[in-house]
Amino acid sequence: QYGANLIALSVNLGRELGIRPAERAMMIVFAWMNSRESVPSHETIRGWMQRVGLGRIHRAKKEDGGTWLVDHTNQIGPEKVLAVLRVRSAPSDGEALRHQDVEVLATIPATKFKREDVAREYAQIKARFGTPDNVVIDGAVELRDSVSVLESEGHTPRIFRDPKHVLANKLEALLK
């Protein structure tokens, strides 16, 4: 029901502003223009953005190097998703990562991730996309200990803790 230009506008606004603000911004602009075009809902915009992400997963190439960002995400009850993203090159000092700087390599749902589960997933991702130079994790033991399967020709990726989690853990220790 929506044209390609409106879909592109919605996705780009969603990237820049956020999904719900994109919907609100289009409502304001469409009202100002007296447009009779319906504004896509934030659920519709999210669905389009998910399709863009799925397309990016399918286009990711096998290439050694870069940095993997690994974390458990979307935990709802016992179910969670292991997300593995790749950043090929770091942004310049003082610049934030942008949507186009990050590739989604895998999103794996499960109810548990033990060391052997994560090691198996890392090995499959490595076979499909190459070996990273660095892996950034939140400190979860199963994410850290499984990095050893990523060794390649004597090269073991460096492991870095996510600063947000390091600081949160230190703050929690101080407050106790």
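Open to solvent by 90 Å² or more (accessible area, probe 1.4 Å), acidic (Asp, Glu) and touching a residue at least 40 places away in the same chain (Cβ under 8 Å): which single residue out of Asp162, Asp64 fits that description? Let's see the steps before the verdict.
Values: Asp162 fails: open to solvent by 90 Å² or more (accessible area, probe 1.4 Å).
Just one listed residue meets the conditions, Asp64.
Can you tell me how many residues in region 127-147 are without any contact (Cβ under 8 Å) to a residue 40 or more places away in the chain and more than 20 Å from Lys112 (Cα to Cα)?
Taking region 127-147 and keeping what is without any contact (Cβ under 8 Å) to a residue 40 or more places away in the chain, we get 127, 139, 141-142, 144-147.
Cutting the leftovers down to more than 20 Å from Lys112 (Cα to Cα) gives us 127.
The number of residues fulfilling the criteria is 1.
Only one of these conditions is not met by Arg144: (1) under 16 Å from Gly65 (Cα atoms); (2) open to solvent by 20 Å² or more (accessible area, probe 1.4 Å); (3) of a type outside the set (S, T, N, Q). Which number is it?
For Arg144, the failing item is (1).
Out of (1) open to solvent by 70 Å² or more (accessible area, probe 1.4 Å); (2) at pLDDT 85 or above; (3) among the acidic types (Asp, Glu), the odd one out for Asp93 is which?
Among (1) open to solvent by 70 Å² or more (accessible area, probe 1.4 Å); (2) at pLDDT 85 or above; (3) among the acidic types (Asp, Glu), the lone unmet condition for Asp93 is (2).
Is at least one residue of region 33-45 of a type in the set (S, T, N, Q), open to solvent by 90 Å² or more (accessible area, probe 1.4 Å) and part of a helix (DSSP H, G or I)?
Narrowing region 33-45 to residues of a type in the set (S, T, N, Q): 34-35, 38, 41, 44.
Checking which are open to solvent by 90 Å² or more (accessible area, probe 1.4 Å) leaves us with 34.
From what's left, part of a helix (DSSP H, G or I): none.
No - not one qualifying residue is present in region 33-45.
Taking region 3-49, which residues are touching a residue at least 40 places away in the same chain (Cβ under 8 Å) and more than 20 Å from the chain's Cα centre (by Cα)?
Within region 3-49, just Ile7 meets the criteria.
Among the residues of region 124-141 satisfying the criterion of being in contact with a Leu (Cβ under 8 Å, 6 or more places away or on another chain) and open to solvent by 40 Å² or more (accessible area, probe 1.4 Å), which is farthest from Leu69 (Cα to Cα)? Break it down stepwise before answering.
As a first pass, look at region 124-141 and keep what is in contact with a Leu (Cβ under 8 Å, 6 or more places away or on another chain): 125-126, 128-129, 131-132, 135-137.
Of the ones still in play, those that are also open to solvent by 40 Å² or more (accessible area, probe 1.4 Å) are 126, 128.
Numbers: Lys126: 14, Arg128: 16 Å.
Ranking the candidates gives Arg128 first.
The values are calculated or read from the model by the stated rules, or taken from the named source; none is laboratory data. Because the structure is a prediction, the values reported are computed rather than measured. Quick reminder, even Gly has a Cβ in these numbers, built from the backbone with ideal geometry, and neighbours come from all protein chains shown. Note: accessible area is taken over every heavy atom of the protein model, side chains too, but ligands, DNA and RNA are not part of it. Shrake-Rupley method; radii C 1.70, N 1.55, O 1.52, S 1.80 Å.
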